[in-house]
Each structure stands twice: as C-alpha cells, then as structure tokens.
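The values are calculated or read from the model by the stated rules, or taken from the named source; none is laboratory data. Keep in mind that what you see is a predicted model, and the values were worked out from it rather than measured. We place every Cβ from the backbone using ideal geometry, glycine too, and count neighbours over all the protein chains shown. Note: areas computed on protein heavy atoms with side chains; ligands, DNA, RNA excluded. Shrake-Rupley method; radii C 1.70, N 1.55, O 1.52, S 1.80 Å.
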Amino acid sequence: MKEMKEIRFFYAPDVAVDDELPADEAAHCLRVLRLQAGDEIRLTDGKGMFYKAEITTATGKRCLFKVLEAVPHPKEWSGHLHLALAPTKNMDRIEWLAEKATEIGFDELTFLDCRYSERKVVKTERIDKILVSAMKQSHKARKPLLNGMEDFKRFVARPFAGQKFIAHCYDEADVAGVAKASEDKAMDGGKPFLLDELDTGQDALVLVGPEGDFSINEVRLAQAHGFRSVSLGRSRLRTETAGLVAVHLMHIRHACV
C-alpha cells in the first residue's frame, strides 16, 4: 500500500497578493520540514480561504509558491463568538486557553483589566503565534482576532451586537442587593446556564473574571450595560478553564451541523 504523505498547512495572510511565505513560515517549511520545490502545500489566509499550492523556489530563507486552487471554507459555526477575560498571573495558562479555544473554534479574544486582576500587562506577540499554530494544526481557515488589555469599565460600556453575558460566582440576590429567601445557596448562585441562554445564530460575548472574580460592583456595572449573569456549571472553575468552557458552550450552540 502506498504511504499517504501528510499535507502541511502554512499561514500566508497576504497570499492573494504575495507569492512568498512569511519568514517564520518559510523557515519551518524549509529548515524543519525540509520541503523542496515541487512539493505540494496548503495555505490559509486566516480570513476564510484555503489554497492548494506548489513550492516553486526553495532557496536559503525564501520559499515561493504558485497557487493551484483557491477554496473558500465556510465557518463551522454561526455568529461572532467573542471571549473577554482577565489574564492569569501565569501566562502559560492563558497560552493553553488560546490554543485550545482556537482548536474548538471562536472569533475574538480580548483581555480585561479588572479590579482584582493578577496581571495588568499582556504581550500579545507570543499568543498571536500560538493562535496561528493552533489554527494550522486544527485545519481552520480563520484566525481569531486578538486584542490587547482593555479597561473593564470602558469595555463593558462599548456597543456590541448580539448577546452579552458575564460569568461570575456571586449569588444573584447579592448582586441585586436583596435579602435571600434561604441561606442554602445553589452552587450556580441562581444564575441560568450559559448554554440555555444562547440563541443560535446571534453574535455572543462572554466575560470571564480573574481568579478573585469580578468585584460585585463590576458585575452590577456590566448588568447596567445589558450583560446578563450566567453560570458555566456547578463546579468552581479556574479562569482559563472557565474561558474554555465558555468558548465550548458558545461553539456547541452555534455549530453548523
């Protein structure tokens, strides 16, 4: 039986106007994989297109190609799925989240500077490379949009299309400032489950707080701007796990099957 040769995917954001792989992609193609002129490769522009291509020149640090076929790739989910969360002190955990969320499929990632945030500065260059790698590895045609750190108060005041949710650990009665009927609180704090609140086809934005959670005033501010409080389940989750669960639930509801 003839051995099947694996097709390699490369990120070429300017493939429509440029027939040369970016420097880092060329290095991986030529030095690591040792591909040569005449070898077939697959390209993605990160904007919804796949390209079948053939390497025409492989010299030194340069890798040129010719496009053989352009193939539009419909998105596997409907709507625009946006996760905004406060990054953890350990960036390895956020990098893991970025990788796995991209493998599942979502559209945008924003970092929030909250009252109890452990980290106030995020360098996005490495995370962007992880998004590219995960996109290629999972054979996706779209790279999530990556935003830097944004102030929580300014962020929630911005206009957003579609549904808006905030996932937190407070009891809804505490947020509302009313007396509780019982001290026996439910683990979800009386909040509806995110999956039950999502409407198929609509854009969706979910906020996830830092390890110390949002402040109660931040939750109230978000609600005042139209965000609805939701639960991500009955387990207490770490920030990166909560972020991944939120992406997964959005993806399940919006998946095109």
- Message: Taking amide H atoms as placed 1.01 Å from N in the peptide plane, list the residues 5 or more away in sequence, or in a different chain, whose amide H sits under 5 Å from that of His80.
- Response: Asp203, Ala204
- Task: Taking only protein heavy atoms into account and a 1.4 Å probe, give the accessible area per residue of segment 52-190 in Å².
- Result: 51 Å²
- Item | ³J(HN,Hα) computed for each position of segment 110-125 - Karplus, 6.51 cos²θ - 1.76 cosθ + 1.60, integer Hz, glycine/proline x | 10, 9, 10, 9, 10, 4, 9, 4, 7, 9, 9, 10, 10, 8, 8, 4
- Item | Two-site label geometry, Asp18 and Glu211: point separation in nm, points 7 Å out along Cα→Cβ | 4.0 nm
- Message: What is the percent carbon and sulfur in the accessible area of the chain, measuring with a 1.4 Å probe over the protein chains and ignoring ligands?
- Response: 50 percent
- Query: Average projected area of the Cα convex hull of the chain, in nm²?
  - Reply: 16.7 nm²
- Query: Whose amide H sits under 5 Å from the amide H of Ser229, counting only residues 5 or more places off or on another chain, with H placed in the peptide plane?
  - Reply: Ile166
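Rounded, prolate or oblate for segment 1-73? Axes are the square roots of the Cα gyration tensor eigenvalues, ordered a ≥ b ≥ c, and the cut-off for rounded is a/c under 1.5.
oblate
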- Message: Using a Förster radius of 35 Å, what is the FRET efficiency between Arg62 and Arg93 based on their Cβ-Cβ separation? Nearest 0.05, please.
- Response: 0.40
- Using only protein heavy atoms and a 1.4 Å probe, report how much of Arg31 is accessible, in Å² to the nearest 10. 140 Å²
- In whole Å, what are the Cα extents of segment 132-257 along the three principal axes, biggest one first? 51, 30, 27
- Query: So what does Cys256 come to for accessible area, using a 1.4 Å probe and Å² rounded to 10?
  - Reply: 80 Å²
- Message: Whole-Hz ³J(HN,Hα) for each residue in segment 194-202, computed from phi via Karplus 6.51 cos²θ - 1.76 cosθ + 1.60 with θ = phi - 60°, x for glycine and proline: what do you get?
- Response: 3, 4, 6, 9, 6, 9, 4, x, 7
- Note on the structure: Site Val122, offset 7 angstrom along Cα→Cβ, radius 16 Å on amide nitrogen, limited to segment 131-158, gives 131-132, 144-156
- Message: Restricting to Cα pairs below 8 Å that are 6+ residues apart, what does the relative contact order work out to for segment 104-148? Please round to a whole percent.
- Response: 59 percent
- J(HN,Hα) series, segment 211-223, from Karplus relation 6.51 cos²θ - 1.76 cosθ + 1.60, nearest Hz, glycine and proline x: 4, x, 6, 5, 6, 5, 6, 5, 4, 5, 5, 4, 4
- Item | Mean Cβ neighbour count within 10 Å, used as a protection proxy, ranking 241-249, 45-53 highest first | 241-249, 45-53
- Would you compute the Debye intensity of segment 56-144 from its alpha-carbon atoms alone, equal scatterers and no solvent, and pass along log10 I(q)/I(0) at q = 0.12, 0.23 Å⁻¹ to two decimals? -0.50, -1.14
